[in-house]
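The values are calculated or read from the model by the stated rules, or taken from the named source; none is laboratory data. Keep in mind that what you see is a predicted model, and the values were worked out from it rather than measured. Note: ideal-geometry Cβ built from the backbone for every residue, glycine included; neighbour counts use all protein chains shown. Heads up: the accessible areas ignore ligands, DNA and RNA and are worked out on the full protein's heavy atoms, side chains in. Shrake-Rupley method; radii C 1.70, N 1.55, O 1.52, S 1.80 Å.
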Amino acid sequence: MDKFILNYDNYFESDLKIYEFLQKLESIEPIDFYTSGTTGKPKRITHSYESLIKNIKIDKKYKEHVWALTYDPNKIAGSQVILQSYLNGGKLVNLFGRPSSEIANIINNFGVTHISATPTFYRLLDYNTFSRVSQVTFGGETVSSQVFKKVKKLFPNANIRNIYASTEFGTLFASNKYYFTLTDRISSFVRIEDNRIFIKDRGIWHDTEDVIEWIDNTNFIIVGRSTNMINVGGNKVNPIKIESYINEVVGVKNSYVYGKENSIMGKVVVADVILDKSVDKNDITKHLRKHLTPYEIPLKINIVEKIELTSTGKITRQ
Amino acid sequence: MNKEIRLREIVEEILSENYKTLKTPITLQSHLKNDIGLDSMELAFLTVKIEDEFNVDIFEEGIVFTFGDILQRLNG
């Protein structure tokens with residue numbers, strides 16, 4: 001197995017998890033996965049061997065690919081990366097659980113050619129040039145145009161894939177931009193009503209609770225989950241949009257925007273911000289006022305040491 | 001610092017951040033909306049600032065209408 005995982009470490013827990021997963025697979029028994037529980041409790045989904053491998057592409061030329069694993073090997077996204085590499089006789093570099101200060105070096109030293117990760121992963125990745133990476137995949141969270149631009153700089157020679165998928169339904173559609181297109185082909189199983197995405201699975205339409213914004217007649221971006229919207233005096237405010245503007249301010253490393261009870265508005269917007277250099281809160285507010293409506297401006301900005309991420313690398317939201 | 005003086009400062013800060021100016025000086029009878037000109041969002045901001053600084057939710061006991069009302073809530 002140390003031939004499969006290039007940076008294999010006997011003592012590293014998540015390397016062992018990868019083995020366990022591959023062993024379970026050999027037995028061809030169905031495997032249980034748990035959704036990330038980004039909102040609400042994690043759900044258990046059981047996948048058969050067939051359903052796990054159905055989206056894996058097999059081809060001789062994939063043998064040379066070196067995949068970086070950034071997801072938990074016990075989650076669906078992790079399983080797909082492991083299988084894509086393993087079933088093609090390729091190699092894996094396990095980044096899951098590795099200290100963030102080592103990640104950039106590992107990517108370069110072990111010759112990673114393919115990476116799939118959440119926008120948060122790429123946003124927190126230190127600036128570097130990863131010239132040998134030929135494919136970069138995003139998934140799991142809203143991709144802002146700012147993160148998309150950063151990724152183009154980090155990986156100048158890579159093909160970019162933005163994937164919309166879920167643990168329940170697998171990969172649904174993809175694009176090579178920060179937005180998606182409602183083509184005729186996907187209209188047979190994707191519907192957008194009231195700016196929400198509905199998916200048809202086995203004849204039944206399901207509400208994904210993912211909210212979109214049209215950028216023109218056929219192109220849209222995913223702006224977040226409907227359950228995450230903050231109701232400020234009747235105005236629905238999207239915390240992810242506000243976070244993406246806060247994160248533009250030089251010196252801001254990451255931010256978390258949420259609603260706080262207020263006797264006048266019901267809820268008002270508050271932000272927790274992590275800095276990597278000294279920033280005046282007023283400068284953050286000034287920047288936000290240029291782009292956001294008054295309801296969207298955080299009434300309080302807290303400078304914090306850390307923001308909790310879920311086990312799948314997404315920001316934990318209440 | 002005197003609570004009344006600090007409260008005046010806070011109200012003036014909120015007004016200037018929103019490019020507003022006072023039409024008449026603030027008195028205890030000044031109505032927050034009609035005289036001082038605060039809109040709902042600015043009132044919400046006021047409650048957050050006061051809660052932060054004085055640890056009092058001025059709207060807890062019901063609606064506050066004037067500058068004097070707020071001072072009363074702050075003085076307990």
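Can you give me the angle between helix A:76-86 and the longest principal axis of chain A, using Cα atoms only, in degrees from 0 to 90, rounded to the nearest 10?
30
Suppose R0 equals 30 Å; then what is the FRET efficiency for residue A:215 and residue B:2 from their Cβ-Cβ distance, rounded to the nearest 0.05?
Plugging the Cβ-Cβ distance into 1/(1 + (r/R0)^6) gives 0.05.
Per DSSP helix of 4 or more residues, -39500 (n - 2.57); summed, then divided by the residues of chain A. What does that give at 222 nm, rounded to the nearest 500?
-7000 deg cm²/dmol
Please go through the residue pairs A:149/A:267; A:17/A:54; A:24/A:177 and name each one whose alpha carbons sit more than 28 Å apart in this structure.
Details: A:149/A:267 33 Å; A:17/A:54 22 Å; A:24/A:177 36 Å.
Check vs 28 Å cut-off fails for A:149/A:267; A:24/A:177.
Can you pull the accessible area of residue A:136 for me, 1.4 Å probe, Å² to the nearest 10?
0
With only Lys, Arg, Asp and Glu charged, each at its Cβ (+1 for the first two, -1 for the last two), find how big the charge dipole of the stretch A:86-190 is about the Cα centre; round to the nearest 20 debye.
340
Mind listing the phi-derived Karplus ³J(HN,Hα) values for the stretch A:201-207, rounded to whole Hz, using 6.51, -1.76 and 1.60 with θ = phi - 60°, and x for any glycine or proline?
10, 6, x, 10, 7, 10, 7
Given the pairs A:43/A:241; A:253/A:286; A:60/A:152, which are separated by over 24 angstrom at their Cα positions? The partial results should precede the final answer.
On the way: A:43/A:241 27 Å; A:253/A:286 18 Å; A:60/A:152 28 Å.
In this structure, A:43/A:241; A:60/A:152 exceed 24 Å between Cα atoms.
If a helix is a whole DSSP H run, which ones in chain B reach 15 Å or further along their own axis (Cα) and hold a mean Kyte-Doolittle hydropathy of at least 0.0?
Helices passing the filter in chain B: B:40-54.
Convert 20 °C to kelvin, take the viscosity as 1.002 mPa s, use the Kirkwood radius over C-alpha pairs of the protein assembly as shown as Rh, and evaluate the Stokes-Einstein diffusion coefficient in µm²/s, rounded to a whole number.
90
Can you work out D for the stretch A:180-318 in µm² s⁻¹ from Stokes-Einstein, where Rh is the Kirkwood radius over C-alpha pairs, the temperature is 37 °C and the viscosity is 0.692 mPa s?
197
Could you rank A:72, B:69, A:280 by how accessible they are, 1.4 Å probe, largest area first?
Details: A:72 15, B:69 45, A:280 80 Å².
Correct descending sequence by accessible area is A:280, B:69, A:72.
Would you calculate the separation in nanometres between label points at residue B:21 and residue A:60, each defined as 7 Å from the Cα along the Cα-to-beta-carbon direction?
Calculated label separation equals 8.1 nm.
For residue A:193 and residue A:303 in the same chain, what is the full-extension length gain: residue separation times 0.36 nm, less their Cα-Cα distance, in nm?
Result for the pair: 35.8 nm of gain on full extension.
7 Å from Cα along Cα→Cβ at both residue A:277 and residue A:159: what's the point-to-point distance in nm?
With each label point 7 Å from Cα toward Cβ, the separation is 3.8 nm.
Grab the beta carbon distance between residue A:293 and residue B:9, set R0 = 25 Å, and tell me the FRET efficiency rounded to 0.05.
Taking R0 as 25 Å, the efficiency between residue A:293 and residue B:9 is 0.40.
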